[in-house]
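Throughout, read-outs are computed from the coordinates displayed, never taken from laboratory work. Computed from a predicted model, the values in this text were never measured in an experiment. Note: ideal-geometry Cβ built from the backbone for every residue, glycine included; neighbour counts use all protein chains shown.
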Amino acid sequence: MAGEHVTVKVTVNGDSYSREIEPRTLLVLFIREELGLIGTHIGCDTTSCGACTVRWNGQPVKSCTVFAVQADGQEIQTVEGLEQGGQLHPIQEGFWEEHGLQCGFCTPGMMMTASALLEKTRTRAKRRSGTRSPGTCAGAPGTSTSFARSSTPRTS
Amino acid sequence: MIPGSFSYSSPGSVPEAIELLVQHGFDVKVLAGRESLIPVMRFRLLEPKYIIDINRIPGMNQVEERNGYLSIGALARESAVEQSDIIKRRYPIIYDTAEMIADPLVRNLATMGGNLAHADPGNDHPATMLALRAEVVAVGPNGERVIPIDEFFVDSFATALEPDEILTEIRVPAAKPRSGGAYSKLERKVGDYAVAAVAAYVELGEDGTIQQAGMALTNASYMPIRASNAEKTLGGQQPSDELIREASSVASQEADPSSDLRGSADYKRAMIRTMTRRALAKALDRARTNS
Ligand SMILES: Cc1cc2nc3c(=O)[nH]c(=O)nc-3n(C[C@H](O)[C@H](O)[C@H](O)COP(=O)(O)OP(=O)(O)OC[C@H]3O[C@@H](n4cnc5c(N)ncnc54)[C@H](O)[C@@H]3O)c2cc1C
Ligand code: FES
């Protein structure tokens, strides 16, 4: 119970980690505080905002609503894992070039969701998305064009 | 916020999970898709001492037809239900429902079983399962029992499940020719619970009359409710615009919503009328084109 610890072994961005944690540790806090990967943000207490989104065996999920102990043996990707060999992920490039944000707080989560969506739609190279961005955010149009940019096949 | 402390186990089979439930008595909670239980625990509205995580139990995520019914495993994720070909083709009312639940990220984890077991009057599947006259399979220390959906919801956030039982499967009667259903939901924004939502299901006779109707309402009372009077209004009748209007009006009178941030009780009742009209019209269209 209180103070009881369990071992969790998890792969994050290709690296294996093993930690002793309390079962009540939320995955987002595990990622931030145990692993020091602070790109994943916490924006709400109600599983609403998506700032905490990571990819869980490839699928985008809200890491504030998963216990870290459940990630035992699973593969997690965080925003730090998007860049490969000093090369920005097309999604990061899109957000960078098109300024796909207003304040940027939820951007890591946006990019994790968008990267999964991109993999789904890439073959179709559709120039659409962002239709479900928060209506109040001045970054919404930019988020849309960022995604459109990343999903458009490059000629060079 | 951070949930209270608990002991955790993730059994690999249903019997193992039941054994743990029996062992821990009332202070235990089953954890499935997490999308209702963890938020509740983060607000410390619940502080279970033991969590039995059923996510590692294999063989509970099917979405398939067998023995005259559609079998949905308790652990079938909303995203899997939504993407299932058989659901889209043969049970579009379930597709309508799953697609309107929360947002795609929540749906990647949320389960069908959890949606029923949580019995939130705002959950969307309960109304659809009432309209379809589904059954729920529960397994406990004394074996398996099949619970008709009308006996399953007993109160706000309360079901007929015993504390040492696990919901393992949902059974929906196999889609019949000339049957059709639809779910219409009004929400303030993507991801929100319903202001008002209605599940409508009809079976037509060869002469086009309504042989069987299933009508149920979401967020229209303290628990999911069947609109029995609306069903009676429809039974044996030849569908018409007037009949749809009448049944919608009856359904809205059966609703007993409360005023809250999503609107006044009067507004919600009016919206139930509108949602009933839409769901029913679509259900009838689908039934007519389903030979
Ligand atoms: C932002 C947000 C928006 C949402 N919007 C909607 C919405 O619009 N419509 C809607 O319907 N839902 C909505 N939900 C709720 C969501 O659908 C939940 O997933 C669902 O209510 C519970 O399912 P779960 O698998 O996540 O269960 P959990 O959260 O894991 O469990 C919920 C409860 O059910 C019990 N339980 C779960 N599975 C079983 C089982 N197999 N046997 C016995 N007991 C079990 C648990 O013990 C617990 O008490 C929303 C959730 C969030 C976070
Ligand atoms: S922090 Fe807002 S959804 Fe997870």
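Does region A:1-30 hold any residues that are in contact (Cβ under 8 Å) with a residue 40 or more places away in the chain, surrounded by fewer than 15 Cβ atoms within 10 Å (Cβ to Cβ) and in a loop (DSSP other than H, G, I, E, B), and which are they?
Passing the criteria: only A:Gly14.
Condition check ((1) among the hydroxyl-bearing types (Ser, Thr, Tyr); (2) within 16 Å of ligand 2 (Cβ to nearest atom); (3) under 30 Å from B:Lys282 (Cα atoms)) across all residues:
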site	(1), (2), (3)
B:Tyr8	yes, no, no
B:Tyr50	yes, no, no
B:Ile57	no, no, no
B:Glu64	no, no, yes
B:Lys88	no, no, yes
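I need the full set of residues from region A:25-39 which are more than 13 Å from ligand 2 (Cβ to nearest atom) and more than 10 Å from chain B (Cβ to nearest Cβ), in order please.
A:Phe30, A:Glu33, A:Glu34, A:Leu35, A:Gly36, A:Leu37, A:Ile38, A:Gly39
Residues B:Ala80, B:Ala98, B:Ala102: which one is in a helix (DSSP H, G or I), in contact (Cβ under 8 Å) with a residue 12 or more places away in the chain and within 14 Å of chain A (Cβ to nearest Cβ)?
One residue alone meets the criteria, B:Ala80.
Can you tell me which residues in region B:186-234 are of a type in the set (Ser, Thr, Tyr) and surrounded by 24 or more Cβ atoms within 10 Å (Cβ to Cβ)?
B:Tyr201, B:Thr218
Looking only at residues in region A:59-88 that are at the interface with chain B (Cβ under 10 Å from one of its Cβ atoms) and assigned to a loop (DSSP other than H, G, I, E, B), which one is nearest to B:Ile51 (Cα to Cα)?
A:Val66
Out of B:Leu116, B:Leu37, B:Leu105, which single residue is in contact with a Ser or Thr (Cβ under 8 Å, 6 or more places away or on another chain), hydrophobic (A, V, I, L, M, F, W, C) and within 16 Å of ligand 2 (Cβ to nearest atom)?
Criteria check complete, one pass: B:Leu105.
Please work out which residue is farthest from A:Gly81 (Cα to Cα), limiting yourself to region A:40-54 and to residues that are under 10 Å from the mean Cα position of the chain (by Cα) and either crowded, with 24+ Cβ neighbours inside 10 Å or at the interface with chain B (Cβ under 10 Å from one of its Cβ atoms) (or both).
Of everything passing the filter in region A:40-54, A:Gly50 is farthest from A:Gly81 (Cα to Cα).
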